[in-house]
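Please read the structure below before turning to the comments.
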Amino acid sequence: MIPIKDHNPARRRAIIVPSLLVFNAVVFLWELSLGARLHEAVVFFGVVPRFFTDAELREQVGLFHLAQSLITTMFFHGGWFHLLANMWTLYIFGDNVEDRLRPGRFIALYLLAGIAASALQIVAHPNSPIPVIGASGAIAGVMGAYLRLYPLARIDMLIPPFFFGPFFRISAYIFLLYWLGLQFFNGFITDPDAAGGGVAWWAHVGGFGMGYLLCHFLTLGDGRGDTYQSPSGRWRPSRR
């Protein structure tokens with residue numbers, strides 16, 4: 001299932017989400033310009049689980065580089081489809097979460113979810129020598145926050161390969177829980193010896209969980225309710 005749009009208009013124009021879209025696109029264009037140096041850059045800017053778990057490699061690489069890679073990995077992508085899929089998901093779910101949290105707390109959630117995503121991937125596949133890159137762990141955190149804030153928002157969905165319809169509309173929690181369950185399933189069936197060569201499923205789980213939990217603490221005591229727009233166009237309270 002592919003989300004096409006949500007029926008949950010934001011009350012304020014997003015600032016951070018479009019900035020992230022542009023920044024990720026610029027970084028990807030820079031990646032394309034690297035040519036033969038791309039692999040070296042991916043290793044340097046991505047998260048390599050074995051660098052964190054092997055004491056000798058950890059000493060060679062240095063703690064500063066390891067800490068830096070937890071951030072820079074969120075802005076590298078492995079191809080056009082990887083970039084577009086991530087940016088489209090951020091576009092769909094990010095504006096409402098930023099609207100609710102405001103820019104500062106949204107950035108905090110995004111970055112901490114991305115770090116949690118890398119951490120769980122390292123725990124799941126500690127000996128993998130293959131770099132993990134992409135914004136999907138951080139964006140999974142945005143999806144987790146969306147689930148907590150707007151579970152009843154309506155989302156238009158599409159089932160490939162029928163890219164021109166038919167479309168169907170479901171509650172956000174149905175899609176988001178289905179997506180999370182898919183990450184768990186694929187994480188469990190992934191061959192540990194092949195970890196990192198495909199999709200970092202456990203990174204998605206880690207980011208989603210962090211986003212869901214962190215959103216609770218970031219909205220405690222602010223006295224603002226959450227709303228979503230029903231298919232009839234009326235504003236209704238969202239359950240928390």
Scanning segment 16-38 residue by residue, those open to solvent by 100 Å² or more (accessible area, probe 1.4 Å) and in a loop (DSSP other than H, G, I, E, B) turn out to be none
Picked from segment 213-222 (must be open to solvent by 80 Å² or more (accessible area, probe 1.4 Å) and either under 20 Å from A10 (Cβ atoms) or in a helix (DSSP H, G or I) (or both)), the residue modelled with the highest pLDDT is L213
Counted residues in segment 52-84 being free of Cβ contacts under 8 Å to residues at least 24 places away in the same chain, surrounded by 15 or more Cβ atoms within 10 Å (Cβ to Cβ) and among the hydrophobic types (A, V, I, L, M, F, W, C) come to 2
Scan segment 121-128 and give yes if some residue there is under 13 Å from the mean Cα position of the chain (by Cα) and among the hydrophobic types (A, V, I, L, M, F, W, C), otherwise no.
no
Residue count, segment 39-51, condition surrounded by 13 or more Cβ atoms within 10 Å (Cβ to Cβ) and part of a helix (DSSP H, G or I), comes to 8
I'd like to know if segment 102-110 contains one or more residues that are small (G, A, S), farther than 24 Å from E31 by Cα, open to solvent by 20 Å² or more (accessible area, probe 1.4 Å) and touching a residue at least 40 places away in the same chain (Cβ under 8 Å). yes
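The values are calculated or read from the model by the stated rules, or taken from the named source; none is laboratory data. Nothing here was measured: the structure is a model prediction, and the numbers come from that model. Please note: Cβ atoms are built from the backbone with ideal geometry, for glycine as well, and neighbour counts cover all protein chains shown. Side chains are part of the model used for accessible areas, which takes the heavy atoms of the whole protein and leaves out ligands, DNA and RNA. Shrake-Rupley method; radii C 1.70, N 1.55, O 1.52, S 1.80 Å.
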